[in-house]
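Inspection log for the structure reproduced underneath, given as structure tokens.
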Amino acid sequence: MASRKKKETKKEHAKSSRQEITKLPTKGRVRAKVEGLLKDSAQERSRPTEKSSPDNLMISVSGIRGVIGQSLTPERVARYAAAFGTWCNGGKVVVGTDSRVSGPIVKGAVVSALMSAGCQVVDVGLVPTPTVEITAKNLHAHGGIAITASHNPVQWNALKLIGPRGMFLTQSQMSEVIEIAEEGAISYATWDRLGKQSFYDHAVQNHIDQILDLPFVNKDKLQERAFKVAVDCVNGAAGVIVPKLLKLLGCEVFVINEEPHGIFSRNPEPTPENLEALSQAVTEFGCDVGFALDPDVDRLALVSQKGTPLGEEYTLALATEFMLSHHPGPVVINASTSAMVMEIAKKYKVHSYRTKVGEINVSTRMKETGAVIGGEGNGGVILPLVHYGRDAVSAAVLILQLMLDRAQSIDSLQESMPASFMKKEKVELKNLDPDDVLNTIVRGNKSAKIDTIDGIRLDFGDCWIHFRKSNTEPVLRIIAEAKEAGRLKELLNSFTGYFK
């Protein structure tokens, strides 16, 4: 069954390659690209962080991640996977991977470890992370593991652990798994109770069907409109789902970096500075919009009709505008997300809430408040009608439906959003203690409204700035926003002295 699935995947990509913009790189160019990526990330691999071990294994609600062959070895993968299998009481576990080169090796260790703990493994193959979450819920599994390091560079990989409701583990649940692994409390099955591996080929189609069945998605009208869409799949898992769904909606699709071979064609974060090729594709082919994905398809960034990257914050803002116009209700975002979303919620007279950064923190609060939409400002949109997880595929459809409903271009829709100027930066702390830095910042800014829900967030009324240690990278993140560009620059400059 596994070999048949591989042949079908190859057929799909051969069929869709006629619409690709760029040719796939030759082996020599792939090797050069890998060497360049490794060189660019050499310093990042050695940075210290409070949430990592000395060799950079990072453990948080965003998963267990590290550098292949260094901090993330097969032995460690097996130990944490077996601990998760123990936590799942040897039940059914869904496993899927993104396209990373290390994926097959990591999956081999994961599957073996889960079966050794008595788990029945359902292998869904190469799929987006949200597809793994949806499948875990639909199959009533005890849990799931998405093997992906999301936006991290090619040498990284990770285990994203999913609970029985198709949502990531909470902090307390993650702590239970880690305790099982580190205390040697793994429950291995005897020879007659070992688990088995089965293969499930319908995960991607089920994901597509759940989106197309949404009551506000007008498939007929979208097919009639026939949007021209450029898509950058970054050679990740998006290639197995996004072009297919867009074609079903009648779009004329121009795809770059479609083949999911895991040698990412650009920095995998879909931030404006990394979207030059997509911007060029949008203008060259006269597209209505450009969609940029990350490797595991939980983040979506937009490029305007003019070829200008809008910035990830606009994805959630526009999706919220659409959803609240159809179904008003509470909205949940994290502490780093643009205030645009809260202003849109205010316009529709609904409540909005902020949480700690991390998909599960947002999802949990959404369930508690009955939120109709939520997410994170990195392009991660959570639509409960599909599932409680960030989903770039659902987000792309919401954007197209908004463009159709309003009969407006993506450029015009962006201009209709509340005024916002935002800057996101990463700081290497070197010998500085991050907690000392954050405490010093608080002492020096007592006039601001201070929120410590996740790091330090300072609100000055007309602007705000947020400092927090990353869950996924060994850096300190700084996010600032103001309604005027000059005020944003002034705000950022006022804090540079804290990092010298």
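Taken together, the values in this text are just the output of simple stated rules run on the coordinates, not laboratory data. This is a predicted model, so every value here is computed, not measured. Cβ atoms come from the backbone with ideal geometry, glycine included; neighbour counts cover every protein chain shown.
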- Task: For every other residue with a beta carbon closer than 10 angstrom to the beta carbon of GLY262, add +1 if it is Lys or Arg and -1 if Asp or Glu, then tell me the sum.
- Result: -1
- Message: Let me check I've understood the local charge: for VAL121, count other residues with C-beta under 12 angstrom from its C-beta, Lys and Arg +1, Asp and Glu -1. What total comes out?
- Response: +2
- Could you give the alpha-carbon Rg of the stretch 53-201 over 2.2 N^0.38 Å, rounded to two decimals? 0.92
- Which far-off residues, 5 or more places away or on another chain, put their amide H under 5 Å from the one on LYS92, with H placed in the peptide plane? GLN120, HIS142
- Task: Provide the per-residue ³J(HN,Hα) series for the stretch 400-406, in order, calculated from phi with Karplus coefficients 6.51, -1.76, 1.60 and θ = phi - 60°, each as a whole number of Hz, with x at glycine and proline positions.
- Result: 5, 5, 5, 4, 5, 4, 8
- Item | Size of charge dipole - the chain - debye, nearest 20, with Cβ of Lys, Arg +1 and Asp, Glu -1, no other charges | 600 debye
- What Kirkwood radius, in Å to one decimal, follows from the Cα pairs of the stretch 206-415? 16.7 Å
- Item | Centroid-to-centroid separation of the stretch 177-201 and the stretch 384-455 [C-alpha atoms, Å] | 38 Å
- What pairs in LYS430/LYS489; LYS137/LYS346; LYS221/LYS306; LYS107/LYS356; LYS244/LYS306; LYS356/LYS469 have C-alpha atoms more than 21 Å from each other? LYS430/LYS489; LYS137/LYS346; LYS221/LYS306; LYS107/LYS356; LYS244/LYS306
- Item | Estimated dipole of the stretch 329-461 in Debye, rounded to 20 [Cβ of Lys and Arg +1, of Asp and Glu -1, Cα centre] | 340 debye
- Note on the structure: Interchain or sequence-distant (5+) residues whose placed amide H lies within less than 5 Å of the amide H of ASN334 are THR355, GLY375, GLY377
- Item | Options HIS151, VAL127, VAL177, ranked by Cα towards positive dipole end of the stretch 44-203, top entry (Cβ charges) | VAL127
- Item | Rg over Rh [alpha-carbon atoms, Kirkwood Rh] for the stretch 144-183 | 1.03
- Message: With loop defined by DSSP as not H, G, I, E or B, and exposure as at most 14 other Cβ atoms within 10 Å, which is the longest segment of the chain clear of exposed GluC sites (Glu not before Pro)?
- Response: 184-427
- Message: Once you keep just the Cα pairs under 8 angstrom separated by 6 or more residues, what percentage relative contact order results for the chain?
- Response: 13 percent
- Which of [x] 1.01; [y] 1.06; [z] 0.95 gives Rg/Rh (Cα atoms, Kirkwood Rh) as computed here? It is [z]
- Item | Nitroxide proxy distance, nm - points 7 Å out along Cα→Cβ at SER447 and TYR348 | 3.7 nm
- Message: Starting from 0.36 nm per residue, how many nanometres of slack lie between GLU183 and GLN171 once their C-alpha separation is accounted for?
- Response: 2.5 nm
